[in-house]
Amino acid sequence: MATHTGIGSWWGDRSVIERRLAIGVVAVVIGNLILAAFSSWDRSALYVSFVFLVLYVPTWGQMPVRVRGIRVGRLFLPVALIVIALTYPFFWDKLFEVPIFGPFPEVGTGVYMLVFIMMAIGLNIVVGYAGLLDLGYVAFYAMGAYTVAWFASVQFAKHSLHFGAVGVGSNVPGFHVSIWLLLILAGILTAVTGVIIGLPTLRLRGDYLAIVTLGFGEILPQIARNGDNLFGSGFNLTNGPNGITPIDAPGFGSVNYLTGYNSFFTSDRLFYWTALLLVLLTAFCSWRLRDSRLGRAWIAIREDETAAAAMGVPLMRTKTWAYATGAFFGGVAGAFYASFKSATFPGDFFFNISVFILCMVILGGMGNILGVVLGASFLAYLDREGLANIGGWMNQHFGPGGSTFQIWSVPIDVPKYEFGIFGIILLVVMLFRPEGLIPSSRRAAEFHEGVHDQPLYDVTQ
Amino acid sequence: MATAARRQPITIPRQVPVLPILGLALVAALVLWLGVNLYKAPYDFLEITLIGVTVGAIYALVALGYTLVYGILELINFAHGDVFMLGAMMAATLSVNVFSLHDNEAASKWIPVVLLSLLIGMLFCGILNATVERIAYRPLRGAPRLAPLITAIGMSFILQNVGLAWKGANYVPVPNILPQGNVFNLHGANYRWNQLIVLIVTIPVLVALVYLVQETRQGKAMRATAQDSDAAAMMGINVNRTISFTFLIAGGLAGAAGLLYALYVTNVRYDQGFQLGLLAFTAAVLGGIGNLPGAVLGALCIGLIQNYNEGLNWHAPGSDWTQSIVFSILILILVFRPEGLLGERTPEGG
């Protein structure tokens, strides 16, 4: 090696962490300068710079500092993320505007993002861990939402049952059970549905399984849509296309989530922190499950089903467990979201939502919880606010009478093409980075080494 | 026989064949339901059957595309339905905007236009489908099987949004270009010219496809690749070109289906391709995926079932449930008889 002088030799002597840190610091400085040039710089930019640094240096985990055998560096990223997420309701409105993307998402959008993060983590168990392509995940979401809708609304007005519901007068008809119990009930019912769907179908080949789950994902919402008069019996199960609304809000004692408690614990913040708690629980379960006996069996099946079976992994039982677990989280998320939205409509549950959640898992990185969380929050944000903001920015600059220069003369409705954009994301990620943005190293290896019996014609190309 | 009598009695634990009995019971209930309907209103039944055959013929063209591609790549081409939809939009554009046809056009005018549109539509969809393969599937040969399936879904959404950007979110109306008069009328059961024309177009296309696959060199290459692509490559077949050709043919069939759909149903919307694609895929699975005659048979079955469901009077669930019924059939077929009605095989030969 020739000896360099100046920055070259300095660079050559650094470790990976230090190099990344250096790039990160430079990027932050440049970023702040650019923001200052756009005159939207304030102290919150520093805060975001810190976040960027934390996220940018994923090699924190390799820092050799250990406490009780645990690498401190590995906790850095999750803890930072959790702290940011916990305190987000206090500073979101004080943050600067990101160029193109506009202001940061509001707390209500945060709840939406968290709900979808939870679903994505659930789907990740099925797709990322066990390698089963599920195109009907929306069915589980629907199942959870309708469970809450049945047991916490006036849908069945002939009956009256009150159990721990908050903010509902005792003379209100219908079932009114505490949302906390219903979250668990919804999870269990959905898991059972998952098992029922799974038992006959999990024997099928991967692509057949995909299409069958897609089928279930279409059938359940159709039942919801036509369920106001099931089989001409006059029995109103789902109130048809009008949906079930209002649905009780969660709460305990004098704290009602619908109205909020005081100016500190507002309705949005209560929902937000509860959703965050649920996400943390889900992520924790998912993380512990992955390293458990069951989780290792899932990964074994994903990598080579035949070999796994030969090693004594019971295929059907293991796959069914993956399905049930994934369904459980989807159901809880759906139930919580229905209660947050105080409504559930059959129109919410269509195939596109399944693909939406799948897209989150694939974009973030199949099998990696952190990746899935980031992918889900980004896409859910795009869905709620991002695309509209970006569209507004594009039209303002390049649309009719554009401030930069005019390219198109009719304003483009960007959110309308949302699913086209998600389609492009799916395509681009699968073609160029199939392991996702933040991959699990194991999954990445699978994608890059390919299957062992690589077809011959690939070579002749 | 004496030898049979001397054979040692072997005690095999007798299992009650639950699944086959359940399956037969379902089929019996279906037949009974159809029988009662036939008995109650025979001429209605006839008319609905004729409509079902017409719709089934269109489905057959789409289903063949699924089955051809599945036979050769073992890939569910989710984007196929959307290629079909773009074909239908192409047909709508050609007939309305380019040739400005109207209701009840003179035969001397619509026949050449329809033939020309058929040609352009087939070419358009064929090239589109081959392009989809080139962009989304070819780079993923040898990747895990999930990967091309996911790009197929992505491609489907992209094409859907192309349709959305092209024609907007509403139904695109197409005038009644085909003659609406009766071919015959049997006690109120009408058979219209536009129905007959669908068959008149479909049947030669199917015959041409069979000729292509069975008799030509390129067809032979397709069959060989479907059977064993490695061996085919060793025999000097250009596998990639054969696959592209298969996608071209599949797209051409979708283009023909798109034209017929636009002219027969007379409205198109950007999301119809996906829905119809799922029906057609079910048809392909019903007939036995990879099996060309099976796809046609399955498509006719699905067309009939759909129209019986939506048209019959006696205890028919109605169009609200069509999706559920078709998907239930798909699930039942995959659970009870995954090889389909005629058996699963690669395009003639496997």
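Numbers below:
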quantity: Subset of region A:302-323 (residues that are crowded, with 23+ Cβ neighbours inside 10 Å and within 19 Å of A:ILE369 (Cβ to Cβ)); calculated: A:ARG302, A:ALA322, A:TYR323
quantity: Given (1) surrounded by 24 or more Cβ atoms within 10 Å (Cβ to Cβ); (2) farther than 27 Å from B:LEU186 by Cα; (3) of a type in the set (Phe, Trp, Tyr), number of the condition B:TYR59 does not satisfy; calculated: (2)
quantity: Residue count, region B:199-247 (criterion: of a type in the set (D, E, K, R) and either crowded, with 21+ Cβ neighbours inside 10 Å or more than 14 Å from chain A (Cβ to nearest Cβ) (or both)); calculated: 4
quantity: Test: A:THR213 is closer than 27 Å to B:LEU278 by Cα, away from chain B (no Cβ under 14 Å), within 23 Å of the chain's Cα centre (by Cα) and in contact (Cβ under 8 Å) with a residue 24 or more places away in the chain; calculated: no
quantity: Residue check, A:THR274 closer than 24 Å to B:ILE333 by Cβ, assigned by TED's automatic domain parsing to the domain that holds A:PHE340, in contact (Cβ under 8 Å) with a residue 60 or more places away in the chain and of a type in the set (Ser, Thr, Tyr); calculated: no
quantity: Residue in region A:426-442 that is nearest to A:ILE299 (Cα to Cα), counting only those that are facing chain B (nearest Cβ under 9 Å) and surrounded by 20 or more Cβ atoms within 10 Å (Cβ to Cβ); calculated: A:PRO434
quantity: Lone qualifier among B:ALA232, B:ALA284, B:ALA257 - being touching a Ser or Thr at 6+ places or on another chain (Cβ under 9 Å), aliphatic (A, V, I, L, M) and farther than 28 Å from A:PHE350 by Cβ; calculated: B:ALA232
quantity: Filter pass, B:ALA169 being hydrophobic (A, V, I, L, M, F, W, C), closer than 27 Å to A:PHE350 by Cβ and surrounded by fewer than 21 Cβ atoms within 10 Å (Cβ to Cβ); calculated: yes
quantity: Candidate set from region B:133-168 (those that are more than 7 Å from every other protein chain (Cβ to nearest Cβ) and either among the acidic types (Asp, Glu) or not in a helix (DSSP H, G or I) (or both)); member that is farthest from B:THR54 (Cα to Cα); calculated: B:GLU133
quantity: Residues of region B:266-320 satisfying the condition of being among the β-branched types (Val, Ile, Thr) and surrounded by fewer than 21 Cβ atoms within 10 Å (Cβ to Cβ); calculated: B:THR266
quantity: Matching residues in region B:233-274 - criterion: being β-branched (Val, Ile, Thr), under 30 Å from B:LEU196 (Cβ atoms) and out of contact with any Lys or Arg (no Cβ under 8 Å at 6 or more places or on another chain); calculated: B:ILE249, B:VAL265, B:THR266
quantity: Failed condition for B:GLY290, given (1) within 13 Å of chain A (Cβ to nearest Cβ); (2) part of a helix (DSSP H, G or I); calculated: (2)
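Yes or no, residue by residue, for (1) more than 13 Å from chain A (Cβ to nearest Cβ); (2) not aliphatic (A, V, I, L, M):
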residue	(1), (2)
B:ILE249	yes, no
B:ALA256	yes, no
B:TYR264	yes, yes
B:TYR270	no, yes
B:LEU278	no, no
B:TYR308	yes, yes
B:ASP320	no, yes
B:SER328	no, yes
B:ARG337	no, yes
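The values are calculated or read from the model by the stated rules, or taken from the named source; none is laboratory data. None of the values given here were measured: they were computed from a predicted structure. When we count neighbours, we look across all protein chains shown, and the Cβ atoms used for this are built from the backbone with ideal geometry, even at glycine.
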